[in-house]
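Asks: First the structure, then my questions, so here it is.
We did not get these values from a lab; they are worked out from the coordinates using the rules stated. Since this is a predicted model, take the numbers as computed values, not measurements. Reconstructed Cβ throughout: ideal geometry from the backbone, glycine too, with neighbour counts over all protein chains shown.
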Amino acid sequence: MSDAPFIEIRNAAKSFGALEVLKDINLTVEKGQIVAIIGPSGSGKSTLLRAINELDPLTSGEVWLDGVQINKDLPFRQYEKHVNQVRQDIGMVFQHFNLFPHLTVRGNITLAPKMLKGLSDKEVNELAEEQLKRVGMLERIDYYPSQLSGGQKQRVAIARALAMKPKVMLFDEATSALDPELVEEVNLVMKQLAEEHMTMIIVTHEMGFAQDVCDRVLFMDQGYVVEEGSPDIVFRNPTQDRTKDFLKKHLQGQN
Amino acid sequence: MGLDFTVVPKFFDVIFIGVGWTVAITIAAGLLSFFGGIVFAVVALYGPLLVRLPFRLFAWLFMGTPLLLQLFLIYFGLIQIGIDLPAFVAGVVGLGLHFAVYNSELIQASILAVDKGQNEAARTLGLSRGQALRKVVIPQAVRAVIPPIGNNMIALLKDSALVSVIGVAELTLAAQQAIGRTFRPFEFYVTAAVCYYFINLALEAGLRRIERHIQLSR
């Protein structure tokens, strides 16, 4: 088992009705690696990310994390139990934060650990404080999400995911909904996680960030992984025309 | 024969007890209608088909027929099948279930309107369907419909007068008892109306407090 990759996606395919959004995707991620997935909208990158934690289950193919198959074919009740278990190991951060508005920052972070890990109030409070310190939001612990800026909300959302001590973090366009001046504070937190060798898969439109932080970049288009490699290769010397086109358009858009 | 409000103070004790019963019925039926409304909403949306269909019939029965008839049925009708409820309990059950059905309609729509991302975030953390519904979706759905549920509570308070017909000595029946002894309907109905008005003011103040309290957490 030790030879097996930390995360492995084998022959992944997904259709919504007649629409094929993922076509025969293979991907391995080693422990501590940081992988960026880039590509035009509708290329299937978010769907691939959401397949990893069974939010959008694959039509066919396999997803493995640390020796456990995530998308096991089980009878309904057993399947539910299984995904509830494995999802605890997979942190996810959403474009629109999805903080629980009826709970304070503390409540957002402690909800799942309290319910699922059987921790005491004291333990979950310490956990919340520790994770909020990590994202620089400790002083807002008793605020409601409606009292926070977008960047602050996303940092709390990251702390909420980290509080489950996940083995991997998935970021689904975590900075796309933010005002430009708020992007940096979230990027800093993600960079810090990278330095702590958190395994991360990041769907992003920020080429600069992908280039700086990631070990590997996947370019997806129309449901395929078109190109894959180190940031240097994918950004500076792409071999595929579609990658070149995309990067050209994207860089023009930014200038 | 002119109006003479001086007879009213002699019946303060009767009126006072009537106010007590009205408040008690409103609180008990109000709580039943609130928590019953949540349970009904979950059953209507997520219950198995075999539960959902009889429930639709039940909801239709409560929304499509007069509350007065429902109270008669619960108090006088159920005895025939061996369910003999005290008048107060029958009144609370009738009013409570009637408004629970209305509250359930509000809460159902509100549950469906909660952003899908909320459920996804909860499930991603590892919460089960039931846990996500209970801890994340329903609390938000209920907060969103507190104002219209509050309106239902005010309607419930006013409709509590109907339970006088099954012999609960609440405010309206108390007024009638006083009238029976004094033959002064104007004075006592006005007195009862003033009492309802003040209970209503208190209820509205309470609802406003709740709304203010949840304002941040929405």
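Asks: How large is the translational diffusion coefficient of the stretch A:161-255 in µm² per second when you combine the Kirkwood radius over alpha carbon pairs with Stokes-Einstein at 10 °C and 1.306 mPa s?
Replies: In µm²/s, the coefficient rounds to 110.
Asks: Out of B:I81, B:P148, B:G18, whose Cα points farthest toward the positive end of the dipole of the stretch B:5-217 (charges: +1 Lys, Arg; -1 Asp, Glu; placed on Cβ)?
Replies: About the Cα centre, the residue reaching furthest to the positive side is B:P148.
Asks: Nothing charged except the Cβ atoms of Lys and Arg (+1) and of Asp and Glu (-1): what's the magnitude of the dipole of the protein assembly as shown about its Cα centre? Round to the nearest 20 debye. Numbers along the way, then the final one.
Replies: Numbers: 45 positive and 47 negative charges, 216 e Å.
So the dipole magnitude of the protein assembly as shown works out to roughly 1040 debye.
Asks: Report D for chain B in µm² per second (integer): Stokes-Einstein, Kirkwood Rh on Cα pairs, 20 °C, 1.002 mPa s. All intermediate terms of the calculation are to be shown ahead of the outcome.
Replies: Working: Rh = 19.3 Å.
Estimated via Stokes-Einstein, D reaches 111 µm²/s.
Asks: For the pair A:L19 and A:L138, how long in nm is the line joining their label points, each one 7 Å along Cα→Cβ?
Replies: 4.6
Asks: Ok, one more. Using amide H atoms built 1.01 Å from N in the peptide plane, name the residues 5+ places from A:V93, or on other chains, whose amide H lies under 5 Å from its own.
Replies: HN-HN under 5 Å from A:V93: A:L170, A:F171, A:D172.
Asks: Let me know the Rg and Dmax you get for the stretch B:120-188 when you use only its Cα atoms, in Å.
Replies: 22.5, 69
Asks: Please give the direction-averaged projected area of the C-alpha convex hull for chain A, in square nanometres with one decimal.
Replies: Values: hull surface 58.9 nm².
Over every viewing direction, the Cα hull of chain A projects on average to 14.7 nm².
Asks: If you don't mind, another one. Return the long-range amide H neighbours of A:S176 (sequence gap of 5 or more, or a different chain), with a cut-off of under 5 Å between placed amide H atoms.
Replies: It is none; the list stays empty.
Asks: Can you pull the semi-axes for the protein assembly as shown, root of five times each eigenvalue of the Cα gyration tensor, sorted largest first, whole Å?
Replies: Equivalent ellipsoid of the protein assembly as shown: 60, 24, 19 Å, largest first.
Asks: I'd like to verify something in chain B: which complete DSSP H helices, judged by Cα projection on the helix axis, reach 18 Å or more and average at least 1.6 on the Kyte-Doolittle scale? Please report the intermediate quantities before stating the final value.
Replies: Working: long enough: B:12-46 (50 Å, 2.06); B:49-64 (22 Å, 1.46); B:87-113 (39 Å, 1.40); B:146-159 (19 Å, 0.49); B:185-215 (44 Å, 0.34).
Helices meeting the criterion: B:12-46.
Asks: Counting only helical runs of four or more DSSP H residues, what would the 222 nm mean residue ellipticity of chain A come to if each run contributes -39,500 (n - 2.57) and the total is spread over all its residues? List each step's numbers first, then the result.
Replies: Numbers: 8 runs with 96 residues, N = 255.
Rounded to the nearest 500, it is -11500 deg cm²/dmol.
Asks: By the scheme Lys and Arg +1, Asp and Glu -1, what is the net charge of all other residues having a beta-carbon under 14 Å from that of B:F40?
Replies: Net charge in that neighbourhood comes out at +1.
Asks: May I ask for the distance between the Cα centers of the stretch A:114-191 and the stretch A:62-94, given as a whole number of Å?
Replies: Between the Cα centres of the stretch A:114-191 and the stretch A:62-94 lies a distance of 23 Å.
Asks: Ok, one more. Please state, to two decimals, what the Cα-based radius of gyration of the stretch B:99-218 comes to when divided by 2.2 N^0.38 Å (N = residues).
Replies: It is 1.52.
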